Every structure is written in structure tokens, then in C-alpha cells.
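Here's the structure we're looking at; comments come further down.
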Amino acid sequence: MTAEFLNGRILVRSGDLTAEDIDAIVNAANWTLLGGGGVDGAIHAAGGSEIYDACKEIRETTLPDGLPTGQAVITTGGRLPAKYVIHTVGPIFGRNDGRDAELLADCYINSIALAAEHSLRTIAFPSISTGAYGYPKHLAAGVASTAIASALEKHGAIEEVRLVLFSEGDAKIFIKHAEF
């Protein structure tokens, strides 16, 4: 199942994010940037030590306390087909004093802004925070789609945003609840 929005500028489907041949994929990272489970673990495993080493350098130089929720940093894609990985930390649902939607939107907005800053034209996202961080998928779809549409208005050089979701069921939920 695949769906397109905004005149084909946004593509939603299920698949393996780590196999995307695109300028950048987005990692739903944890604050440490040093790997974890889910999407984060899959990206680090598929991309190899180059990604870990780049993240470690970021921690040692610019972010000794880790990456704050909603912010984004960029590293090499290592051995991935994608040239770069943009790492962002989504909110743990229900633990942000009512700011869950704002922080989740920031993940998408800041990742797209970072891609534009690096003259990238294509970017692929997972469904940030909907796994272990417990964000309800139907709510996340509305927040993510609104944030992506807003970011694309500001960053016209971004030609394509893909949402590559874990399962066909996840893609169906996103498509049903998207607000493009």
C-alpha cells in the first residue's frame, strides 16, 4: 500500500527504512545517540560503526548531555544506501507536561530544516515515538503530517518526503489520520 500527498511530494508506505536509497533517513534516536532498539538499533546495525563513531564524536564535542527531545543532528549514513542519517529524539508520550504534540512536531520540522540546510532534496522518516515511546499512532499521524506540510512550505528545495512505516497496518493508520 502506497499513498501520495501534496502532488506527490509526500509518499507514505510500509517497508524497510534502512534500505531507502535517498539523501537522508531519519533515526528515531534516544538521547544518547549511541544506539538502541527498534528503528535506532536497525539503523546502527545496517549503517555500521561509521554512524556510531559520528554520534560518539557529537556527544564528545557539541552535545555532552545528549540530544534534547525534538532537536536533530546529522551524521554520515555509513554503509546505508542513504548518504546521511538525521537523528532526532521523539517525546515519550505523556511525560512532557502537555507538550507531546509540540515536541513530536519539532522532530519533523527540525529534521526537514536540517536536511534543507545541508542542501538535501529527499528524506525518509519512520513513525517517530510510536514504538517504545508509546505515542498513539493515530494521534502521531495528525501531528507528523501537519508538521511535515508546514516544514515543506518553508523549505521548497525539499523535493520528496517519504514516510516508511514498519508495517502495512501502520501505513494504513497513518494514511487514515494524516492531515495534509
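Any read-out appearing in this document is the output of simple, stated calculations on the displayed coordinates, not a laboratory observation. Just so you know, these numbers come straight off a predicted model, no measurement behind them. Here the Cβ positions follow ideal geometry from the backbone for every residue, glycine too, while neighbour counts run over all protein chains shown.
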| If amide H atoms are built 1.01 Å from N in the plane of the peptide, which residues on other chains or at least 5 residues away come under 5 Å of the amide H of LEU163? | LEU11, VAL12, ARG13, PHE125
| task | May I have the count of lysine pairs in the chain with C-alpha atoms under 24 Å apart, counting pairs 8 or more residues apart or located on different chains? | result | 4
| Residue order, fewest to most surrounding Cβ atoms within 10 angstrom, among SER119, SER167 | SER119, SER167
| task | Report the antiparallel proportion of the DSSP beta bridges in region 2-177 as a percent, rounded to a multiple of 5. | result | 35 percent
